[in-house]
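Asks: To start, I am sharing the structure in question, which I have written as structure tokens.
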Amino acid sequence: MIKTRNNTIRFWLLLAVLLVGGGFINLWGWAGEARVSRRPLKDFPAQLGSWRQSGSDVRFDAETEKVLRADDYLARNFEKNGHQGSFYVGYYATQSNGATYHSPLNCLPGAGWTMSEGTRIAITSQGGGPAFEANSFVVQNGKERALMVYWYQGRGRTTASEYWGKFYTIFDSVQRRRSDGAMVRVMVPMRNSHEEAQKTAVEIASLAASELPAFVPN
């Protein structure tokens, strides 16, 4: 008799949890994702410290943009004292519709690039705040060789891990009704040593990181 009563209580508790949970899910689905204000990436500063924009912003062809599915993106070259670096941000206002940032681990090899010497490095924003981890790779396509640094950013979180990035996206979509985010990448030609290229890439990344929250909201 007692066992039957306990089973009945568990049943009604489980049913209540399912009903309440379903109600929240339906409410979130009805309300949609929270809207956040941000500046378009075309307004990103043309000067980062001593680095100045070189040439016009790069726009991809229609086929690439179709695959990318970014709501906004910036591909810009910077120059300082004869040194060059490229900066890319692909921003997604929502990832609930299947559109999401593309990992360079998948995209670059498909475009003919080889990747080696992968490691994690620390980036400290020039605007202050704690350092965060980013990925660093040496990439090569024919005779073209460069150092690439990239990370994932959005909703006040910054991570080098694609998997943690996905986890945080799911978590924040439930807790904050937000799944917006971006992939950020810096590439620097490797002319001399690995150390010199990494120092240059970290400098650009640190300067850019201080400007990003206006364009990739916290």
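Asks: Given a 1.4 Å probe and the protein chains all in place, what does the accessible area of Ile170 round to, in Å² to the nearest 10?
Replies: Using a 1.4 Å probe on the heavy atoms, I get roughly 110 Å².
Asks: What does the extension gain come out to for Ser103 and Glu211, with contour length at 0.36 nm per residue minus their alpha carbon separation? All intermediate terms of the calculation are to be shown ahead of the outcome.
Replies: Numbers: separation 108, 0.36 × 108 = 38.88 nm, distance 2.23 nm.
Using 0.36 nm per residue and subtracting the Cα-Cα distance, I get 36.7 nm.
Asks: Per residue of segment 43-51, what does 6.51 cos²θ - 1.76 cosθ + 1.60 with θ = phi - 60° give for ³J(HN,Hα)? Whole Hz please, x for Gly and Pro, Karplus curve as stated.
Replies: My calculation for segment 43-51 gives 8, 4, x, 7, 9, 10, x, 8, 7 Hz in order.
Asks: May I ask you to compute the full-extension gain from Met115 to Arg35, defined as 0.36 nm times their residue separation minus their alpha-carbon distance, rounded to one decimal in nm?
Replies: On the way: separation 80, 0.36 × 80 = 28.80 nm, distance 3.71 nm.
Computed gain between Met115 and Arg35 is 25.1 nm.
Asks: Next up: Whole number please: convex hull volume per residue, Cα atoms of segment 134-218, in Å³.
Replies: Looking at segment 134-218, the number lands at 86 Å³ per residue.
Asks: Here are some values of Rg and Dmax of the Cα atoms in Å: (i) 21.6, 85; (ii) 18.5, 72; (iii) 17.5, 71. Which one was computed from this structure?
Replies: After the calculation, the listed value that fits is (i).
Asks: For segment 116-122, just list the computed ³J(HN,Hα) in residue order, Karplus coefficients 6.51, -1.76 and 1.60, θ = phi - 60°, integers in Hz, with x standing in for Gly and Pro.
Replies: After applying 6.51 cos²θ - 1.76 cosθ + 1.60, I find 8, 6, x, 7, 10, 10, 9 Hz.
Asks: Just to be sure I understand: if I project the alpha-carbon convex hull of segment 60-127 onto a plane and average over all orientations, what area do I get in nm²?
Replies: Mean projected area for segment 60-127: 7.2 nm², to one decimal.
Asks: Add -39500 (n - 2.57) for each DSSP H run of 4 or more in the chain, then divide by its residues: what number comes out at 222 nm, to the nearest 500 deg cm²/dmol?
Replies: Helices in the chain give a 222 nm mean residue ellipticity of -11500 deg cm²/dmol.
Asks: Taking every Cα atom in segment 90-137, find the radius of gyration and the maximum pairwise distance Dmax, and write them in Å.
Replies: 14.4, 37
Asks: To the nearest 10 square angstrom, what accessible area does Phe171 show with a 1.4 Å probe?
Replies: That residue has around 90 Å² of solvent-accessible surface.
Asks: Of the cross-linked pairs Lys143/Lys166; Lys42/Lys66; Lys80/Lys199; Lys80/Lys143, which ones have a Cα-Cα span greater than 25 Å in the structure shown? Working shown, then result.
Replies: Numbers: Lys143/Lys166 34 Å; Lys42/Lys66 19 Å; Lys80/Lys199 13 Å; Lys80/Lys143 23 Å.
Listed pairs above 25 Å: Lys143/Lys166.
Asks: Can you pull the one-decimal nm distance between simple spin-label points at Arg52 and Gln126, each 7 Å off the Cα toward Cβ?
Replies: With each label point 7 Å from Cα toward Cβ, the separation is 1.5 nm.
Asks: Return the whole-Å distance between the Cα centroid of segment 96-162 and the Cα centroid of segment 167-197.
Replies: Their Cα centres are 6 Å away from one another.
Asks: Oh, and also: Rank these residues by their accessible area, most exposed first, probe 1.4 Å: Phe78, Phe167.
Replies: The ordering from most to least exposed comes out as Phe167, Phe78.
The values are calculated or read from the model by the stated rules, or taken from the named source; none is laboratory data. Note that the structure is predicted; figures quoted are calculated from it, not measured. Glycine gets a Cβ as well: all are built from the backbone with ideal geometry, and neighbour counts include every protein chain shown. What goes into the accessible areas is simple: the full protein's heavy atoms, side chains included, and nothing from ligands, DNA or RNA. Shrake-Rupley method; radii C 1.70, N 1.55, O 1.52, S 1.80 Å.
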